[in-house]
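**Student:** This is the structure, below, for whatever I ask next.
What follows draws every value from the coordinates through simple rules; no lab data is involved. No experiment lies behind these values; they were computed from the predicted model shown. Here the Cβ positions follow ideal geometry from the backbone for every residue, glycine too, while neighbour counts run over all protein chains shown.
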Amino acid sequence: MAYFDPGSVIWNLESTNKLDAIREIIRNARVFEEHERLETEEFTRIVIARERLQSTGFGHGVAVAHGRTDQVDEPVIALGISQEGIDYDSYDGRPVHLLFIIANHPERQMDYLQLLSTLVLMVRDELFRRELLDCTDASAAEQRLCGVFSKLIERQRLRAVKRTA
């Protein structure tokens, strides 16, 4: 499974509050649009309802909004990048600059958890976050994300294989 293909990053989000930013990413990310079964209006409602329960802004300028839907078979992920920052009600009170949105099938929770742990590992690195924000366009960010994410996923798979061997 490939992540962060062309159309997965929305560059220079215009929205400055979290609900508008979520709507903007889902509406504009081709990765969501290209899924024939994914009804984006319904998915947007699911993500916003989840976000109203508890903020997914976990600090350091990063949030990972998500929603479960049987309209996708495998996790689908997009990223919105905001240079200005999004008022997100994050745990640290700081604005969000990197807003990931994940669509996941309810029965594929392990896939979601692996994806989430990989994202968290990736964005804990301040230098990596800065590199993403310093990219010049969506394509450069997608390439950077894809390279790092793929390496981390493979490293996690190898560790899992070693533990079961």
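**Student:** Let me confirm something: among 141, 78, 65, 103, which residue is under 19 Å from residue 16 (Cα atoms) and touching a Leu at 6+ places or on another chain (Cβ under 8 Å)?
**Tutor:** Numbers: 141 fails: under 19 Å from residue 16 (Cα atoms); 78 fails: touching a Leu at 6+ places or on another chain (Cβ under 8 Å); 103 fails: under 19 Å from residue 16 (Cα atoms).
Selected residue: 65, the only one of 141, 78, 65, 103 that is under 19 Å from residue 16 (Cα atoms) and touching a Leu at 6+ places or on another chain (Cβ under 8 Å).
**Student:** Within region 1-51, how many residues turn out to be part of a helix (DSSP H, G or I) and under 13 Å from the mean Cα position of the chain (by Cα)?
**Tutor:** Number of matching residues: 7.
Here's the yes/no breakdown for (1) more than 18 Å from residue 5 (Cα to Cα); (2) among the basic types (Lys, Arg); (3) loosely packed, with under 14 Cβ neighbours inside 10 Å:
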| position | (1), (2), (3) |
| --- | --- |
| 67 | yes, no, no |
| 78 | no, no, no |
| 88 | yes, no, no |
| 110 | yes, no, yes |
| 130 | yes, yes, yes |
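**Student:** Go through region 135-152 and give me each residue that's within 15 Å of residue 100 (Cβ to Cβ) and of a type outside the set (Phe, Trp, Tyr).
**Tutor:** Residues satisfying the conditions are 138, 141, 142, 144, 145, 146, 148, 152.
**Student:** Does residue 115 satisfy the criteria of being under 22 Å from residue 56 (Cβ atoms) and in contact with a helix residue (DSSP H, G or I) (Cβ under 7 Å, 6 or more places away or on another chain)?
**Tutor:** In short, no.
**Student:** Within region 71-93, can you find the residues that are assigned to a loop (DSSP other than H, G, I, E, B), within 25 Å of residue 139 (Cα to Cα) and out of contact with any strand residue (DSSP E or B) (no Cβ under 8 Å at 6 or more places or on another chain)?
**Tutor:** 74
**Student:** Give the residues of region 112-127 that are free of Cβ contacts under 8 Å to residues at least 60 places away in the same chain, surrounded by fewer than 15 Cβ atoms within 10 Å (Cβ to Cβ) and over 15 Å from residue 155 (Cα atoms), sorted by residue number.
**Tutor:** If the condition is that a residue be free of Cβ contacts under 8 Å to residues at least 60 places away in the same chain, surrounded by fewer than 15 Cβ atoms within 10 Å (Cβ to Cβ) and over 15 Å from residue 155 (Cα atoms), then 113, 125, 127 are the ones that fit.
**Student:** OK, next. Before we move on, is residue 160 within 15 Å of the chain's Cα centre (by Cα), of a type in the set (A, V, I, L, M, F, W, C) and farther than 22 Å from residue 58 by Cβ?
**Tutor:** no
**Student:** Could you check region 128-142 and list, in sequence order, the residues that are polar (S, T, N, Q), without any contact (Cβ under 8 Å) to a residue 60 or more places away in the chain and assigned to a helix (DSSP H, G or I)?
**Tutor:** Answer for region 128-142, where residues must be polar (S, T, N, Q), without any contact (Cβ under 8 Å) to a residue 60 or more places away in the chain and assigned to a helix (DSSP H, G or I): there is none.
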